[in-house]
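The values are calculated or read from the model by the stated rules, or taken from the named source; none is laboratory data. The model shown is predicted, which means the values in this text are computed figures rather than measured ones. With ideal geometry, Cβ positions are generated from the backbone for all residues, glycine too; neighbour counts draw on all protein chains shown. For the accessible areas, the whole protein counts, side chains as well, though only heavy atoms, and no ligand, DNA or RNA atoms are used. Shrake-Rupley method; radii C 1.70, N 1.55, O 1.52, S 1.80 Å.
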Amino acid sequence: MNEKNLLQARGIVKRYPGAERPAVDHLDLDIGAGEFLSIAGPSGSGKTTLLHILSSLIQADAGQILFQGQDICAAPEAVRNRLRGLVFAVVFQQHHLLPYLSALENVLLPFLGGIKPARAADIATAQAMLSRVGLAGKENSRPGQMSGGEQQRVAIARALVRGAQVLFADEPTGSLDSVNGAAIIQLLRELNSEGLTVVMVTHNDEFAAQSDRIVRMADGAIQTLS
Amino acid sequence: MNILTLPLRHTGAKWARTFLLTAVFTLGLASMSGLYQVSGVIADNFEKKLISYGANILVTPKRETLRISYGGYSLGDVIMEEDPIDLATAQKAIDAMPLRANIAIVAPKMLAMTRLSGQTLALVGVDWEQELQLKGYWEAEGEFPGADGAFEALAGAEAARKLDLRPGQSLDIDGKTLRLAGVLKATGSDDDSALFVPLKLAQDIAGKPGQASFLEVAALCSGCPIEDITAQLQEAMPDSEVRALIQVAESRMYSVHFAQNLAFSVSLVILVTACAMLIMSMLSSVAERRREIGIMRAIGFSRSSVFAVFVSEALGIGLLAGTLAYVCGRFLTFYVLGELHMADAAPTDFEALPFFALILLAAATAGLAAAFPAWRASLVEPAEALVAL
Ligand SMILES: Nc1ncnc2c1ncn2[C@@H]1O[C@H](COP(=O)(O)OP(=O)(O)O)[C@@H](O)[C@H]1O
Ligand SMILES: [Mg+2]
């Protein structure tokens, strides 16, 4: 297995019901382990749809997604749940924190899916993760008491708390000002340098330029590789 | 912290909504349990009162009459010697009846004649305990004989007047000395001219030990029509004649049942309303929390975990409401019975069975009501809920 094929998309097609043409149209893409990939392109070109398919949030109509050589599209629901929980991490333009949970509880959320209580080790991991994104001391703050940048950091900490291998970020700086946005990109760079594979959708060419590789999408397909 | 942290925090954050739902649910359950208890106590009391209004079934030996006529000239009817009822056999037959539980009192009577102060007098041998229960309307000057009262007697008003009897005096009957415990106030019935003595004594005088001239029976007709009870009694004692006396008891029980059914229907309506409110509120909550559900799904929650988050929220509210409703229901019962001057009959001790039954009912209805909204929640697709609009 070479480093180019941690995640491989093969002939992906996705057409939303009622849409004239597919949002993603016979798309191929290879993502290497430890890579920081940016996906750019105009609005409506299918970037979000592609990200959701890659991260197993939605099913493609046709094509394969190979993770470490295994087709995950055909995998049963339980396997996909586990992939979403343990291997893939997703961060959105809006942070989508639960408003009634504290920052720490939000980060712990991935451990709260069952009746078994979160272990002390999990809580320690969540605390360490909060520190890692620069929010030590904010454990008990509610989302409503934090700035947009801080909320996005909590969301990143939550996405990564179970030791994900791949982080998918859909315009993570979209709702932030440039200073806070730059800080988030900086954080992603650092996490990437620690071994995390990052796939980021962004409008911002300046931010895209900081990644290892940029792919541009137009009309549901990849335009140029640079 | 586990999956229950989510409903716990959410209900805490939306405390006004939680309070409202709990209040409505508590109201429904409390009125249900209160009405249930009140109508139970009233029905109980009513039944007790009903049996003290006297017997409603009479069991007599089969009477055989022989019409004697000759040449078209009637000599009248001759009543053949009747076989008295054997008490041991009758008791066994009654105990074996399917509707045994509806037989509240069996009061045997043995009739005998005796002479006292030169006058002929009808003696009625009775089982004091059964008789006094049956004749709850009796009032006496002096006192009533004790439950065993083997050497006590009770005189009817008319008999006492004729023989000039006073409570407390001694009576010499058939070589035995009895104490006249009391004199009954006039009832306007045959009781007025009788002298009530222990059953055993009357049996000895009549020379019929272990037997009775007839039985007066008080049956409760709450569960079934009195016809069924008389039919079963008749079947149990084919050699006797069984007749129903007070049909009115049935219609009285009917009104108690009507009140019980009404109470039940009203509280059912309240409970259904509370359920409908819970369903509506949960449905809007699911719609409002679509993104939240999307996040849970996106970070690896299974559909059943999402389902559990919503159902457990409702279950929690149900359990809380059930507990509160038990307490409120008790107060309600006490208050209503107090208004009816029946506070003494109100249940006072903590009873585990009704408590857990109520809790179970509360949890089950809340859980069922939440099942549909929770199922809707579990269908939310992660991506669909999270697209930036
Ligand atoms: N849930 C959806 N239902 C129907 N059409 C959708 C949905 N999501 C996206 N689309 C359509 O698919 C196309 C690609 O959308 P999207 O993947 O969001 O592009 P981008 O993220 O590059 O803006 C657009 O034409 C959009 O209108
Ligand atoms: Mg998009």
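The convex hull of the Cα atoms of the stretch A:5-225, projected and averaged over all directions, covers 12.3 nm². Each label was represented as a point 7 Å from its Cα along the Cα-to-Cβ direction; for B:Phe19 and A:Glu77 these points are 3.9 nm apart. In degrees between 0 and 90, to the nearest 10, how far off the longest principal axis of chain B does helix B:352-378 point, with axes built from Cα atoms? It works out to around 30 degrees. The stretch between B:Tyr70 and B:Asn45, if pulled fully straight at 0.36 nm per residue, gains 3.2 nm over its current Cα-Cα span. Note on B:107-115: average number of Cβ atoms from other chains within 10 Å of each residue's Cβ is 0. Inter-label distance, B:Ala276 to A:Ile115: 3.4 nm, where each label sits 7 Å from its Cα along the C-beta direction.
FRET efficiency for the B:Phe372 to B:Thr323 pair, using the beta carbon distance and R₀ = 25 Å, is estimated at 0.50.
Quick one: angle between helix A:120-132 and the longest Cα principal axis of chain A, in degrees between 0 and 90, rounded to 10, please. Helix A:120-132 sits roughly 70 degrees off the main axis of chain A. Only helices enter this figure: runs of n ≥ 4 DSSP H residues, each worth -39500 (n - 2.57), summed and divided by the residues of chain B, yield -18000 deg cm²/dmol at 222 nm to the nearest 500.
Under a model in which nothing but the beta-carbon of Lys, Arg (+1) and Asp, Glu (-1) is charged, the stretch A:5-225 shows a dipole of about 600 debye around its Cα centre. Shape analysis of the stretch A:63-184 places it in the oblate category; the axes a ≥ b ≥ c from the Cα gyration tensor give an a/c of at least 1.5, with a/b not above b/c. Just the protein heavy atoms count here, and of the accessible area of the protein assembly as shown at 1.4 Å, carbon and sulfur take up 58 percent. Counting only alpha carbon atoms, the long axis of helix B:15-51 and the longest principal axis of chain B meet at about 10°. Available extension along the chain between B:Arg100 and B:Ala357 is 89.7 nm, counting 0.36 nm per residue and deducting the alpha carbon span.
Scanning chain B for GluC sites (Glu not before Pro) that sit in a DSSP loop and have at most 16 other Cβ atoms within 10 Å, the longest stretch containing none of them is B:144-350. Farthest toward the positive end of the dipole of the stretch A:5-225, out of A:Thr49, A:Leu130, A:Gln165, is the Cα of A:Leu130, where the dipole comes from beta carbon charges about the Cα centre. Averaged over the residues of A:89-100, the number of partner chain Cβ atoms lying within 10 Å of the residue Cβ comes to 5.
About its Cα centre, the protein assembly as shown has a charge dipole of approximately 2420 debye under the convention of +1 per Lys or Arg Cβ and -1 per Asp or Glu Cβ, with nothing else charged. Computing FRET efficiency as 1/(1 + (r/R0)^6) for B:Asn261 and B:Lys162, where r is the C-beta to C-beta distance and R0 is 51 Å, gives about 0.50. Ordering B:Ser304, B:Thr323, B:Leu199 by Cα displacement along the dipole of the protein assembly as shown toward the positive end leaves B:Ser304 in first place; charges were set at the Cβ atoms of Lys, Arg (+1) and Asp, Glu (-1). Quick check on the stretch A:1-136: take the gyration tensor over C-alpha atoms, sort the square-rooted eigenvalues as a ≥ b ≥ c, and tell me if it's rounded (a/c under 1.5), prolate or oblate. Prolate is the answer for the stretch A:1-136, as a/c is 1.5 or above and a/b outweighs b/c. For chain B, what class follows from the C-alpha gyration tensor (a ≥ b ≥ c being the square roots of its eigenvalues): rounded when a/c is under 1.5, otherwise prolate if a/b is larger than b/c, else oblate? It comes out prolate by the Cα gyration axes. Extension gain for B:Glu288 to B:Asp344 (0.36 nm times residue separation, less C-alpha to C-alpha distance): 15.1 nm.
Peptide B:3-16 shows a mean partner chain C-beta count of 3 within 10 Å per residue C-beta. Using a Gaussian network model of chain B in which every pair of alpha carbons under 10 angstrom is joined by a spring, one finds that among B:Gly12, B:Gly118, B:Gly136 the greatest mean-square fluctuation is at B:Gly118.
Annotation: peptides B:68-74, B:109-115, ranked by per-residue average of other Cβ atoms within 10 Å with the highest first, follow the order B:109-115, B:68-74. Here is the interface size for A with B: some 2500 Å² of accessible area buried, both sides summed, with a 1.4 Å probe.
Reported to the nearest whole Å, the Cα centre-to-centre distance from the stretch A:52-127 to the stretch A:171-220 is 20. Per residue, the accessible area of the protein assembly as shown comes to 47 Å² when a 1.4 Å probe rolls over the protein heavy atoms. Compute the signed sum of charges (Lys and Arg +1, Asp and Glu -1) over the other residues within less than 11 Å, Cβ to Cβ, of B:Ala236. Around B:Ala236, the charge tally is -1. Modelled this way, with points 7 Å down the Cα-to-C-beta line, the labels at B:Lys200 and A:Asp25 are 11.1 nm from one another. Kindly provide the chymotrypsin sites (Phe, Trp or Tyr not before Pro) of the stretch B:126-205 that DSSP labels as loop, not H, G, I, E or B, and whose Cβ sees at most 12 other Cβ atoms within 10 Å. When the chymotrypsin sites (Phe, Trp or Tyr not before Pro) of the stretch B:126-205 are filtered for loop state and at most 12 Cβ neighbours within 10 Å, B:Tyr137 remain.
The Cα atoms of the protein assembly as shown cover 136, 58, 36 Å along the three principal axes, with the biggest extent listed first.
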